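Structure record follows, encoded as structure tokens.
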Amino acid sequence: MTTHLPPEPERRPHVREFHGDRFEDPWFWLRDRDDPGVMAHLEAENAYADIVLAGQSGLREELFDEFRSRIQETDLSVPVARGPWWHYARTIEGEQYPIRCRTPRAAADHHPRVDDSLEGEQVLLDGNAQAGDGDYWALGTWEVSPDDSLVAWADDFDGDEVYRLRFRSLSDDGSTAPTDLDDQVEGISAGGAWAADSQTFFYLRLDEAHRPHEVWRHVLGTDPVDDVLVHNETDERFWLEVSRSRDDRFMLIHAGSSVTDEVWTIPADRPFEAPRVVSPRRQGIEYRVDHHDGQFVILTNDQAETFRVVTAPDTNPGPDHWTELVADDPTLMINGLGSFRDHLVLAERRNGVQGIRVRRWADGTEWVIEQPEEVSTADVGSNPQYDSTLLRYGYSSMVTPSSVYDYDLETRERTLLKQQPVLGGVDLDAYRSERLWATAPDGTQVPVSIVWRPDRRPAGPGPVVLYGYGSYEISMDPGFSPFRLSLLDRGVAFAIAHIRGGGEMGRRWYLEGKELNKINTFTDFVACGRHLVESGWAQPGQIVARGGSAGGLLMGAVLNMDPGLWAGVVAEVPFVDALSTITDPSLPLTVIEWEEWGNPVDSAEVYAYMKSYTPYENIPEGQLPAVLATAGLSDPRVGYWEPAKWVARLRERGQGGERVLLRTKLGAGHGGPSGRYDAWRDEALVMAFLLANLDPQAIEGQTCGIGGVNS
């Protein structure tokens, strides 16, 4: 019999009405954080989840110990050369947060290593000291001044992504500890950039919808109340960013919506000048800007769906003066650029694989940096030295740990600086990875990356975790995870569904999974799950689906579409009440989102289309798989009430509602816990839930199913 029942939130009459459509929403009241019933309900859900998951506590501890056994806890990031200094971060066993440091390059004739005793090392910021005993701490801004004498930094103690900006003075020789100046600016967004004088700093302010909408200028030593508004973005679809060109010649103010860009520039050595626009915004035209040798280098989709590179004089940079440098190529997608003194570096995507192309400025010679594995990911890393002939990049695959290389742009030779250590005697050669192709209902071939351990898999179908996202043109590229080994070693395969709505296969892939094509995202994922069954990897009921945020919307949609396919569903901070959110312009991010999902407020067609797939409105009656949903009370991106309402409606509509769990982090935001050990414990909890519902033979003696529900 059932010994514990899930909480039943009070039903309160509420009707949403749009375009003549009425929808009863009895849990709409959960949006009101000031209602004492809200916190009581979230705490009751947490208590229920703790009771239900208590039977997995031993497995959670075992998993957490496994994670720690593989990770080098006292470690050093690969140092980055910046002027006369090496900059890096240390982690220390037992400490939650990194410690940011620098050491003179003259004191080390090689990249500093974790076991080095470094002369002149300066601790710039100890995250552990800053976090104190609080539940949450995050660093949102970290910008070293051009003269290396100061750092602008901003932190957040709640997870709501609202930061306090401060300025720290750094000594030339490390003889004195860094000290914070009196200058402080409260309530700002993350991000910012120094002007060339190392005294003027540009930062971003938020509006009521949590949108970075203003660029402000602060001069050190002056009262922040006298700071100057530099640029104001009144169109609610656009977010602002501020940065500096790689050659340090210009401040760049970037205004971007989902489909349109506009960039304004200010000479970095004349920070009080008014900004000048590069190209006035044109709906649907995207562009990004860098600078090289008297000209702006522009990556744009103007007359190029897969993007091209053009140049323009920095004195007259409008489209009438654009000269094509790199033409668009329908077989690939250019998704980033960075200018060095002698080379242009392009990030691009070919056949669903992220890679790097180089072009020499002097003669236009181009080449692709070849990588050792076909299904892998190569990303440009931190390269602050404009005149360097070394390119820092990162490389990973599902069987190769994250690796950092220096690539000589002249000799084309690469040097491995560091590969993520995997401790505990792990044999990486024991794992295999390949790419599968699933067929979507419309015939589209959808790539699936899968990794497994052959000696731990059953001869026939076995358990699989299938992960997906599929929104905002964000790609879920195949990479390595030391945590994932705990699944693979227990006979579970792990797969990533590279579904439409993401950017894995280029711009067209994204367009075919957004707005009035959004359902393709969900049917693609179901097709990937069905392909795992049809190709012998799993049976129905042997797959757990996992996704977060917009990938949580995906989880809700595929649960509704094919509930019998899944052994369980993990939906982390899931965007499952999407229609209610997107029809409320007063909520953070809503107006910005209309170019991703469509505008259901003004369009009855969009409203009807969204209502046909949004998870909260489409839960079928019948047997439910096990569900674990998570939320963050301070989350500014997906309101905590979305998973709370969804869980309540799942239990109302489905059978087996006692297997539906909600865990809300009351001291965190969208990204969950901020400390690394807290994050590892959260991952252990999720992984134990996955394993308990997959019930592979390798976890003999552990509680399977959702322990604690039945007696």
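By the scheme Lys and Arg +1, Asp and Glu -1, what is the net charge of all other residues having a beta-carbon under 15 Å from that of GLU10?
Local net charge: -2.
Binning every alpha carbon pair distance of segment 528-640 at 5 Å from zero, what are the percents per bin?
Here the calculated profile for segment 528-640 is 2, 12, 20, 21, 18, 12, 9, 5, 1, 0.
Considering the dipole of the chain built from charges on the beta carbon (Lys and Arg +1, Asp and Glu -1) around the Cα centre, which of ALA684, HIS292, LEU589 is farthest to its positive end?
ALA684
Are there trypsin sites (Lys or Arg not before Pro) in segment 1-109 that DSSP puts in a loop and that have at most 16 other Cβ atoms within 10 Å, and which ones?
ARG11, ARG33
Whole number please: convex hull volume per residue of the Cα set in segment 403-556, in Å³?
Roughly 143 Å³ of hull volume per residue.
Running Debye on segment 356-485 with equal point scatterers at the Cα sites and no solvent, what base-10 log of I(q)/I(0) appears at q = 0.15, 0.16 Å⁻¹?
Log10 of I(q)/I(0), two decimals: -0.90, -0.98.
If the only charges are +1 at each Lys and Arg Cβ and -1 at each Asp and Glu Cβ, what is the size of the charge dipole of the chain around the Cα centre, to the nearest 20 debye?
1800
What is the Cα radius of gyration of segment 502-560 over 2.2 N^0.38 Å, N being its residue count?
That ratio works out to 1.19.
Can you list the GluC sites (Glu not before Pro) in segment 10-51 that are in a DSSP coil and have 16 or fewer other beta carbons within 10 angstrom?
GLU10
Quick one: if you stick a label point 7 Å off each Cα along the C-beta vector at ARG676 and ALA54, how many nm between them?
In this crude spin-label approximation the distance works out to 3.4 nm.
Given Cβ point charges of +1 (Lys, Arg) and -1 (Asp, Glu) and nothing else, what value in debye, to the nearest 20, does the dipole of segment 52-98 about its Cα centre take?
The dipole of segment 52-98 has a size of about 300 debye.
Specify the inter-centroid distance of segment 570-585 and segment 241-280, based on alpha-carbon positions, in whole Å.
33
Could you compute how fast segment 568-689 diffuses translationally, taking Rh as the Kirkwood radius over C-alpha pairs and applying Stokes-Einstein at 4 °C with viscosity 1.567 mPa s? Give it in µm² per second.
84
For the chain, what is the largest minus smallest coordinate of the Cα atoms on each principal axis, given in angstrom and ordered from greatest to least?
73, 62, 52
Summing -39500 (n - 2.57) over the DSSP H runs of n ≥ 4 in the chain and dividing by its residue number, what mean residue ellipticity at 222 nm do you reach, to the nearest 500 deg cm²/dmol?
Computed ellipticity for the chain at 222 nm equals -5500 deg cm²/dmol.
Using the alpha-carbon atoms, what tilt in degrees (0 to 90, nearest 10) does helix 641-653 show relative to the longest principal axis of the chain?
The angle comes out near 20 degrees.
Take the Cα atoms of segment 647-686, build their convex hull, and give its volume per residue in Å³.
So the per-residue hull volume is 82 Å³.
Over segment 120-196, what number does the Rg to Rh ratio reach, with both radii from the alpha-carbon atoms and Rh per Kirkwood?
For segment 120-196, the value is 0.97.
Would you mind getting me the FRET efficiency between ALA177 and VAL225? Use the beta-carbon distance for r and R0 = 35 Å, nearest 0.05.
For ALA177 and VAL225, the calculated efficiency is 0.75.
Where does the Debye-calculated log10 I(q)/I(0) of segment 1-65 sit at q = 0.22, 0.29 Å⁻¹, using only Cα point scatterers of equal weight, no solvent?
Taken in order of the listed q values, log10 I(q)/I(0) reads -0.94, -1.17.
Assuming 0.36 nm per residue, please report the length gained on full extension of the stretch ARG432 to GLU305 beyond their Cα-Cα distance.
Extra length from ARG432 to GLU305 when fully extended: 42.2 nm.
Show me the ranking of peptides 408-415, 620-627 by mean Cβ neighbours inside 10 Å, starting with the highest.
Descending packing order for the listed peptides: 620-627, 408-415.
Any chance you could give the angle, 0 to 90 degrees and rounded to 10, that helix 676-694 forms with the longest Cα principal axis of the chain?
30
For segment 351-408, what size does the Cα cloud have along each of its three principal axes, sorted from largest down, in whole Å?
37, 24, 15
Select from segment 580-662 those trypsin sites (Lys or Arg not before Pro) which occupy a DSSP coil region and have at most 13 other Cβ atoms within 10 Å, ordered by residue number.
In loop regions of segment 580-662 (DSSP not H, G, I, E or B), there are no sparsely surrounded trypsin sites (Lys or Arg not before Pro).
For segment 477-636, with the dipole built from +1 on Lys and Arg beta-carbon atoms and -1 on Asp and Glu ones, taken about the Cα centre, which of PRO600, GLY536, ALA626 lies farthest toward the positive end?
Of the listed residues, the answer is GLY536.
Sequence neighbours fewer than 8 away in the same chain don't count; with that in mind, list the lysines whose C-alpha is under 16 Å from LYS518.
LYS611
Which of the peptides 582-590, 508-516 is most tightly packed, and how do the rest follow, judged by the mean count of other Cβ atoms within 10 Å per residue?
508-516, 582-590
Taking 0.36 nm per residue of separation and subtracting the Cα-Cα distance, what length does fully extending THR331 through GLN72 add?
Here the answer is 89.2 nm.
Tell me the Kirkwood radius of segment 150-274: reciprocal of the mean inverse pair distance over distinct alpha-carbon atoms, in Å.
One over the average 1/r among Cα pairs gives 15.3 Å for segment 150-274.
Equivalent-ellipsoid semi-axes (√(5λ), Cα gyration tensor) for segment 594-638, whole Å, largest first?
Three semi-axes, in Å: 25, 19, 7.
Which of the lysines could a cross-linker span from LYS665 if the Cα-Cα distance has to be under 28 Å and same-chain partners fewer than 8 positions apart are dropped?
LYS645
How much length would be gained if the chain were fully extended between ASP387 and GLU24, taking 0.36 nm per residue of separation minus their Cα-Cα distance, in nm to one decimal?
So the extension gain works out to 124.5 nm.
With all distinct Cα pairs included, what does the Kirkwood hydrodynamic radius of segment 17-144 come out to in Å, to one decimal, could you say?
19.6
Does anyone have the angle between helix 57-70 and the longest principal axis of the chain? Alpha-carbon axes, 0 to 90°, nearest 10?
30
Where Lys and Arg each count +1 and Asp and Glu each count -1, what net charge lies around GLU621 among other residues with Cβ under 13 Å from its Cβ?
Summing Lys and Arg as +1 and Asp and Glu as -1 gives +2.
Laboratory data are not the source of any read-out in this text; all were calculated from the coordinates shown. In this text the structure is predicted, and so the values were computed from the model without any measurement. All Cβ positions, glycine included, derive from the backbone under ideal geometry; neighbour counts span all protein chains shown.
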